[in-house]
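Right, one structure below, let's go through it.
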Amino acid sequence: MSYLRYVKIIGTMHVSPESRERVRKVILEQKPHAIAIELDRRRFYAIQNPQKMSFEDAVRYGRRGIIQYILTKVEEKLGEEFGMSPGGEMREAINLAGLLGIPLYLIDEDINTITMKILKAPFREKLLLILESLAVFLPFPRKEKERDLIKDFKIMMVQFKRRYPYLYRVLLEERNEIMAKNLMAIVDSLKAKGVKKPKVIAVVGLGHKRGVERILNSRKV
């Protein structure tokens with residue numbers, strides 16, 4: 001029996017209100033034994049206690065601070081365009097876990113480790129990333145339906161893998177392995193506690209859904 005039998009992956013668009021509603025609906029309907037989310041401790045704290053980082057603050061932290069500042073600005077811009085602040089679906093999962101008394105697990109890689117890996121990217125990929133990040137200050141075309149966002153997202157992921165092979169590996173594939181490993185540990189823990197048919201719901205970004213599912217489906221309990 002594969003681990004995927006016990007884990008339902010909800011792939012979300014981080015800036016889509018429809019994703020937040022789907023997370024709420026699935027959790028309320030399924031009443032899982034555990035909820036897992038694509039966050040680490042630092043991002044979990046940040047999402048609970050949001051604070052604005054100025055560019056001056058980022059500079060004081062050096063290259064890591066500047067990279068995190070750019071990523072934050074990208075997320076903020078997307079949130080403005082699509083009517084939902086980044087992480088809204090994660091906050092929904094966190095709130096429901098608390099309200100329903102369901103154990104909550106953080107399954108993603110530490111953000112500092114991720115940032116250090118980005119800094120080790122080939123110069124060509126880092127330069128291209130900086131140039132493309134400038135587009136965050138331009139208007140985004142509005143999309144009314146999540147299915148339009150998903151269609152564009154799939155195209156974007158293919159292009160990202162082609163342009164950024166190193167970053168694709170460290171941001172997608174390696175994190176898929178980490179999150180899948182943590183989900184398997186959750187299932188094992190529930191079984192060790194006497195839960196015969198554990199039910200775990202994992203909320204992750206859409207780009208991670210298929211990869212994590214593939215790993216879970218290849219591993220036997």
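The values are calculated or read from the model by the stated rules, or taken from the named source; none is laboratory data. Not measured: the values here are computed from a predicted model. Virtual Cβ from ideal backbone geometry, glycine too; neighbours counted across all protein chains shown. Only protein heavy atoms, including side chains, enter the accessible area calculation; ligands, DNA and RNA are left aside. Shrake-Rupley method; radii C 1.70, N 1.55, O 1.52, S 1.80 Å.
Ranking request for peptides 124-130, 152-158, 39-45: highest mean number of other beta-carbon atoms within 10 Å first, then the rest in descending order.
Values: 124-130: 14.1, 152-158: 12.4, 39-45: 15.7.
My ranking of the peptides, most packed first, is 39-45, 124-130, 152-158.
Go through H208, H33 and list them by solvent-accessible area, largest first, probe radius 1.4 Å.
Numbers: H208 10, H33 75 Å².
Result of the area sort, largest leading: H33, H208.
Averaged over every viewing direction, what's the projected area of the C-alpha convex hull for the stretch 154-221? Give it in nm², one decimal, please.
Average of the hull's projected areas for the stretch 154-221 equals 4.9 nm².
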Going through K31/K197; K197/K220; K8/K151; K120/K151; K151/K181 one by one, the pairs whose alpha carbons sit over 19 Å apart turn out to be K8/K151; K120/K151; K151/K181
Calc'd 3J(HN,Hα), the stretch 87-97, phi into Karplus 6.51 cos²θ - 1.76 cosθ + 1.60 (θ = phi - 60°), Hz, glycine/Pro = x, comes to x, x, 6, 5, 4, 4, 5, 4, 4, 5, 4
Once both labels are modelled 7 Å past Cα along the beta-carbon direction, what's the L104-Q51 spacing in nm? 1.9
Can you list residues from other chains, or at least 5 along the same chain, whose modelled amide H is less than 5 Å from the amide H of K8? V200, I201, A202
Based on the mean of other Cβ atoms within 10 Å per residue, sort peptides 170-180, 111-121 so the most packed one is first. 170-180, 111-121
Residues of the stretch 1-41 with backbone N under 20 Å of the label point set 7 Å from the Cα of M156 along Cα→Cβ are 10-23, 38-39
Other-chain or far-sequence residues with amide H under 5 Å of L39's (modelled H): I107, D108
